[in-house]
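As C-alpha cells, the structure follows; a few thoughts come after it.
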Amino acid sequence: MTTPSPNKIHRTEAVVEINNLSKSFDNQPVLNDVCLQLFKGENLVVLGKSGSGKSVLIKCIVRLLNPDGGSIHVLGQDITSVNRDELNDLRKKIGFLFQSGALYDSMTVKQNMEFHLKRIKKNLTKKEIKEKIAEVLENVGLPEALNKMPAQLSGGMRKRISLARTIVVDPQIMLYDEPTTGLDPVTSDEISTLINQVQEKYKTSSIIITHDIACARTNANRVVMLQNGKIYMEGSIEMFEKSEDAIIKPFFI
C-alpha cells in the first residue's frame with residue numbers, strides 16, 4: 001500500500017456531524033456545546049490535554065456513552081435517537097481501535113478475526129473468511145501471526161492485529177483512541193504510517209485521538225483542539241505548528 005499525502009483532502013459530505021454536543025459526569029461538564037464534522041475520506045486529528053473530553057467524544061459517536069444534549073449524525077442517521085437494532089447496524093460500519101487493543105486473550109489471532117468477521121458479515125463462506133483474514137494480515141504486515149496467541153505478540157504487533165481485526169469487516173468510519181500510546185518511537189511511527197495506508201486502501205474516514213504530535217503530523221488532514229470541553233481551534237497541522245497561542249504552543253515544543 002502507498003501512503004497518501006495527508007493534506008490533499010477536499011471537503012465533501014460529512015459522514016459524522018456533531019451539533020451542540022454536551023456530556024457531564026457528576027455535574028462536571030466534560031463536553032460543552034461541541035460542534036464538529038468529519039468529512040468523507042479525511043483523517044481528523046483531535047488534540048487536547050488529558051481530561052479535555054477527547055475519548056468521551058468518540059465514545060459518544062458510537063453511543064458507548066449517551067450524550068446529555070445535542071445531536072450526532074453518523075452516515076445520515078442521528079445516533080442519539082435510533083433504536084437498538086438501528087444502532088447495531090450503524091456500529092457495523094464503524095471501526096473502533098481501543099487503546100488496549102481489546103483482543104480476546106484466549107483466542108488465536110485467527111480466531112479473534114474470525115469471531116469479529118462472522119458476527120458482522122454472516123453470509124461469507126469459509127473460503128471468503130480465510131481469504132479476507134489473509135488479506136488484512138498482509139496489509140498490516142503480519143501474515144505470520146495467524147496462529148499466534150495475543151500473549152506471544154509485542155505491543156506493536158498487538159496494535160497491528162487489533163487494527164486488522166477492526167478493518168476486516170470493511171468499516172466506513174474509523175475511530176482511533178490514542179493509537180500510539182505505550183509504543184516506542186519507531187513502532188509509533190509504523191502505526192501512524194499504517195493509519196494512512198488504511199485510509200488509502202479502505203477509503204475510510206477517521207477520527208484520531210492522540211497526544212502524539214508525530215502521529216498528528218503524519219496523519220492529519222485537519223486538526224481540532226479541545227479545551228475545557230469546547231473546540232478551541234481548528235485548522236491544518238501547519239497552522240497549529242505556527243501558532244503562538246499559549247494553549248497551542250506547548251504541544252509543539
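Taking neighbour Cβ counts within 10 Å as the exposure measure, how do TYR232, TYR104 sort from fewest upward?
The order, fewest Cβ neighbours first, is TYR104, TYR232.
Build a GNM of the chain with springs between Cα atoms under 10 Å: which of ALA134, ALA216, ALA164 gets the top mean-square fluctuation?
Result for the chain, Cα springs under 10 Å: ALA134 fluctuates most.
Identify which of ASN221, ASN66, ASN27 has the largest mean-square fluctuation in a Gaussian network model of the chain, with springs joining Cα atoms closer than 10 Å.
So, out of ASN221, ASN66, ASN27, the one fluctuating most is ASN27.
Output the 0 to 90 degree angle, nearest 10, between the alpha-carbon long axis of helix 185-202 and the longest principal axis computed from the alpha carbons of the chain.
The helix 185-202 is inclined about 80 degrees to the chain.
Are there trypsin sites (Lys or Arg not before Pro) in the stretch 181-253 that DSSP puts in a loop and that have at most 13 other Cβ atoms within 10 Å, and which ones?
Those that pass, being in a loop and sparsely packed, are LYS203.
Determine, for ASP177, ASP33, the number of other Cβ atoms within 10 Å of each Cβ, and report the residues in order from fewest to most.
ASP33, ASP177
Per DSSP H run of n ≥ 4, the term is -39500 (n - 2.57); total these for the chain, divide by its residue number, and report the mean residue ellipticity at 222 nm rounded to 500 deg cm²/dmol.
Only helices count here, giving -10000 deg cm²/dmol.
Counting Lys and Arg as +1 and Asp and Glu as -1, what is the net charge of the other residues whose Cβ lies under 10 Å from the Cβ of THR218?
Residues near THR218 contribute -1 overall.
Once the other residues with Cβ under 15 Å from the Cβ of SER192 are scored (Lys, Arg +1; Asp, Glu -1), what is the net sum?
Once all neighbours under 15 Å are counted, the net charge is -4.
Build a GNM of the chain with springs between Cα atoms under 10 Å: which of PRO179, PRO171, PRO143 gets the top mean-square fluctuation?
Comparing PRO179, PRO171, PRO143 in the GNM, the peak value goes to PRO143.
Please figure out what share of the DSSP beta bridges in the chain is antiparallel and state it in percent, rounded to the nearest 5.
Once the DSSP bridges in the chain are tallied, antiparallel ones form about 55 percent.
Past 31 Å, Cα to Cα: identify those pairs from LYS40/LYS159; LYS40/LYS122; LYS40/LYS132; LYS118/LYS230, in the order given.
Working: LYS40/LYS159 25 Å; LYS40/LYS122 27 Å; LYS40/LYS132 24 Å; LYS118/LYS230 39 Å.
From LYS40/LYS159; LYS40/LYS122; LYS40/LYS132; LYS118/LYS230, over 31 Å: LYS118/LYS230.
Count the net charge of all other residues whose Cβ sits under 13 Å from the Cβ of LEU75, scoring Lys and Arg as +1 and Asp and Glu as -1.
For residues surrounding LEU75, the net value is -1.
Which length gain, in nm to one decimal place, applies between LEU64 and GLU13 when the Cα-Cα distance is subtracted from 0.36 nm times their residue separation?
Numbers: separation 51, 0.36 × 51 = 18.36 nm, distance 2.47 nm.
Computed gain between LEU64 and GLU13 is 15.9 nm.
Throughout, read-outs are computed from the coordinates displayed, never taken from laboratory work. These figures come from a predicted structure and were not determined experimentally. Note that each Cβ is placed from the backbone with ideal geometry, even for glycine, and that neighbours are counted across all protein chains shown.
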